[in-house]
Amino acid sequence: MNLKVKISLIFMLAATFSYGQKNTSDTKEKQIIKHRNSIGASFFMLGNFLSDPPDYYLLTYGYRLTPKDRIFIEFNTWKYSEPLSTYGKSDVLYPGFVRAFGIGAGYQRFHWKGLFTAVEATPFIKQYYDINNNKIQKGYQLYLQFIAGYRFEFFKKRWYVEPAYALKYWPIDTNYPADFAEIEEEKPKYLFEPSLNFGFKF
């Protein structure tokens, strides 16, 4: 992991957790929360209508602890046929593809109006397929996200949209088939990527 990534990780962790400390003198923390629960997804799922769909699906359930603190769990699945860190611009594709399923948990902190940072950890079970669509073997991946974004709320603040940018890092990624591993060799284990999620509060 290079210096740029280390600095980004340290900054985002420090921002999230330092601002995440509860300030008992902040009267806004004592406001009544009308809608603690939320359910959401990603606009990027529209990519499933493309000619070569990623079969990407995201479903999020969140719970608002305070006006500034939210925890969430997330179901996530997609398939890909090239290294994640060079997704969309790889010179060489896998001799097959990977299907990943994961359930993650995260913490989101609102700092000022809709400005937020979040951290999330998702363990993925990965199923490898060959070019004939046959299952080969399974692997495991620990997928971490360090996110900064802004929440826009609409329709009496019941609906929201969250454009964000994230550092995604997978320190554990196991059991690649040999021919997949050759393509992954020396590829970075991180990616900077935008997101565009939406949801409904209830």
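What follows is calculated from the coordinates using simple rules that are stated; it is not laboratory data. Note that this is a predicted model, so its numbers are computed, not measured. FYI the Cβ positions are ideal-geometry reconstructions off the backbone, even for glycines, and counts take in every protein chain you see.
Return the distance in nm (one decimal) between the two label points of a simple spin-label model at residue 179 and residue 91, each offset 7 Å from Cα along Cα→Cβ.
2.0 nm
Holding the Cα-Cα limit at 31 Å, pick out from 89/138; 138/168; 89/126; 34/126; 68/168; 68/89 the pairs that are longer than that.
On the way: 89/138 25 Å; 138/168 22 Å; 89/126 21 Å; 34/126 39 Å; 68/168 23 Å; 68/89 38 Å.
From the list (89/138; 138/168; 89/126; 34/126; 68/168; 68/89), the Cα-Cα distance tops 31 Å for 34/126; 68/89.
Scan the range 83-187 for trypsin sites (Lys or Arg not before Pro) in coil per DSSP, keeping those whose Cβ has at most 12 other Cβ atoms within 10 Å, and list them by number. Intermediate results must be reported in sequence, preceding the final value.
Numbers: sites: 89, 99, 109, 113, 126, 135, 138, 151, 156, 157, 158, 168; in loops: 89, 113, 151, 156, 157, 158.
Sites meeting the loop and neighbour criteria: 89, 113, 156, 157.
Using Cβ contacts closer than 10 Å as the measure, can you line up 58, 84 from fewest to most? If you can, show how the numbers build up before the last one.
Numbers: 58 17, 84 22.
Arranged by neighbour count, lowest to highest, 58, 84 become 58, 84.
Which listed residue (141, 102, 180) has the Cα farthest towards the positive end of the charge dipole for the range 63-180, taking +1 on Lys and Arg C-beta and -1 on Asp and Glu C-beta about the Cα centre?
Going by the Cα projections, it comes out as 102.
Please identify the chymotrypsin sites (Phe, Trp or Tyr not before Pro) of the range 84-178 that satisfy two criteria: DSSP loop assignment and at most 14 other Cβ atoms within 10 Å. Which are they? Spell out each step's value before the answer.
On the way: sites: 87, 97, 101, 107, 110, 112, 116, 124, 128, 129, 140, 143, 146, 150, 152, 154, 155, 159, 160, 165, 169; in loops: 87, 155.
Answer by residue number: 87, 155.
Residue separation times 0.36 nm, minus the C-alpha to C-alpha distance between residue 63 and residue 125: what's the value? Each step should come with its number before you reach the end.
Details: separation 62, 0.36 × 62 = 22.32 nm, distance 2.54 nm.
Taking 0.36 nm per residue and subtracting the Cα distance, the gain is 19.8 nm.
Given a Förster radius of 25 Å and the C-beta distance between residue 115 and residue 135 as r, what FRET efficiency does 1/(1 + (r/R0)^6) yield to the nearest 0.05? Before the final figure, lay out each step's value.
Values: r = 44 Å, r/R0 = 1.75.
Efficiency computed from Cβ-Cβ geometry: 0.05.
For the range 109-170, rounded, prolate or oblate, judged on the Cα gyration tensor with a ≥ b ≥ c (square roots of eigenvalues), a/c < 1.5 rounded, else prolate if a/b > b/c? Kindly include the intermediate steps, with their values, before the conclusion.
Values: a/c = 4.14, a/b = 2.35, b/c = 1.76.
Prolate, because a/c is 1.5 or more and a/b exceeds b/c.
Tally Lys and Arg at +1 and Asp and Glu at -1 over the other residues with C-beta under 9 Å from the C-beta of residue 151: what net charge comes out? The partial results should precede the final answer.
Values: positive: 113; negative: 153, 162.
Summing Lys/Arg as +1 and Asp/Glu as -1 gives -1.
Considering only 84, 33, 114, whose Cα is most displaced toward the positive end of the charge dipole of the range 23-159, charges sitting on Cβ of Lys, Arg (+1) and Asp, Glu (-1)?
The listed residue farthest towards the positive side: 33.
Given contacts defined as C-alpha pairs under 8 Å and at least six residues apart, what's the relative contact order of the range 42-151, whole-number percent?
About 19 percent, as a whole number.
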